[in-house]
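For reference, the structure is listed below as structure tokens.
The values are calculated or read from the model by the stated rules, or taken from the named source; none is laboratory data. Predicted model only: the values in this text are computed from it and were never measured. Glycine also receives a Cβ, built like all others from the backbone with ideal geometry; neighbour counts cover every protein chain displayed.
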Amino acid sequence: MLCIECHHLSSSIIAPIITAIGSLLTGIGAIILALWARKNYFKERESKTKLSIGLKNTNYEVGNSTKVYLDVTLKNEGKVDIRTFKRFEKGSDGKPKAVGFTWRDYAVDSTLHDNIEYSIELQVKRVKQNKIIALFDWFDPNQYETIKETEHINLLTDLEVQDLKDPGFYMEPNESYHLGCWLNLDKGLYEAKVIVVGEKKNLPDDFWHRRLPFEVK
């Protein structure tokens with residue numbers, strides 16, 4: 001009888017200990033798994049590209065016209081290089097030729113919605129003065145007036161090389177570039193759209209754009 005009581009006493013002591021050890025091991029496993037996931041997350045983030053885009057406009061009165069200088073700032077804030085879409089390919093004559101586009105978007109009905117011609121492109125539209133409460137649809141002709149001369153501006157004109165061996169424009173980590181252009185614009189409210197198209201193999205991830213308003217007084 002005494003041995004039976006001892007056995008029951010031992011079982012009542014061991015069972016909670018085993019349960020506690022099991023809970024402890026489960027907790028440790030969960031912590032290890034969380035640390036592993038966190039490490040992989042940050043490791044993956046380190047390999048991602050990160051680009052910031054800024055814009056500054058300066059107006060100059062020359063005679064009876066206003067000349068505007070738009071200064072676009074690009075900064076590689078990631079830890080890896082950023083390379084843009086290579087615009088030149090081998091033509092039928094063996095010489096480099098520019099591709100027709102670097103990026104295209106299509107509407108639901110498969111019609112062409114947007115066409116980007118250059119690797120780093122600037123588009124400028126005039127904001128229409130109407131009674132629409134919210135202006136946000138870049139493609140709505142009731143909200144924005146398209147200016148043909150500023151519909152596709154190549155910001156890499158001074159830097160592009162028409163060479164099949166050239167890797168294209170690239171930015172190293174923490175590197176900044178200022179790309180600009182002059183425009184003749186009437187007084188009014190405008191919006192600029194800066195678009196950067198990354199390497200073809202990294203699309204659509206390496207695709208950046210930012211819209212920035214400015215005024216010509």
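Does Val62 meet the test of being surrounded by 13 or more Cβ atoms within 10 Å (Cβ to Cβ) and in the same structural domain as Phe207 (by TED's automatic domain parsing)?
Criteria not met by Val62.
Of the residues Lys86, Lys131, only one is part of a loop (DSSP other than H, G, I, E, B), of a type in the set (Lys, Arg) and surrounded by fewer than 17 Cβ atoms within 10 Å (Cβ to Cβ); which?
Among Lys86, Lys131, only Lys131 is part of a loop (DSSP other than H, G, I, E, B), of a type in the set (Lys, Arg) and surrounded by fewer than 17 Cβ atoms within 10 Å (Cβ to Cβ).
Looking only at the stretch 160-179, which residues are surrounded by 17 or more Cβ atoms within 10 Å (Cβ to Cβ) and under 20 Å from the mean Cα position of the chain (by Cα)?
First, pick out the residues of the stretch 160-179 that are surrounded by 17 or more Cβ atoms within 10 Å (Cβ to Cβ): 160, 168-169, 171, 179.
Listed by number, the residues that qualify are Gly168, Phe169, Met171, Leu179.
Determine the pairs where a residue that is without any contact (Cβ under 8 Å) to a residue 24 or more places away in the chain and in the same structural domain as Leu122 (by TED's automatic domain parsing), located within the stretch 85-106, has a partner that is assigned to a loop (DSSP other than H, G, I, E, B) and of a type in the set (Asp, Glu) with Cβ atoms under 6 Å apart, the partner being 6 or more residues away or on another chain.
As it stands, the answer is Phe101/Glu117, since those pairs meet every condition given.
Can you list residue pairs whose Cβ atoms sit under 9 Å apart, with the first residue in the stretch 189-207 being closer than 14 Å to Pro167 by Cβ and the second being polar (S, T, N, Q) and assigned to a loop (DSSP other than H, G, I, E, B)? Count only pairs 6 or more apart in sequence or on different chains.
Gly198/Thr49; Gly198/Ser119; Lys200/Thr102; Asn202/Thr49
Any residue in the stretch 127-152 that is of a type in the set (Ser, Thr, Tyr) sitting within a Cβ distance under 7 Å of a residue that is part of a loop (DSSP other than H, G, I, E, B)? List the pairs, counting only those 6 or more apart or interchain.
Tyr144/Lys128; Tyr144/Trp138
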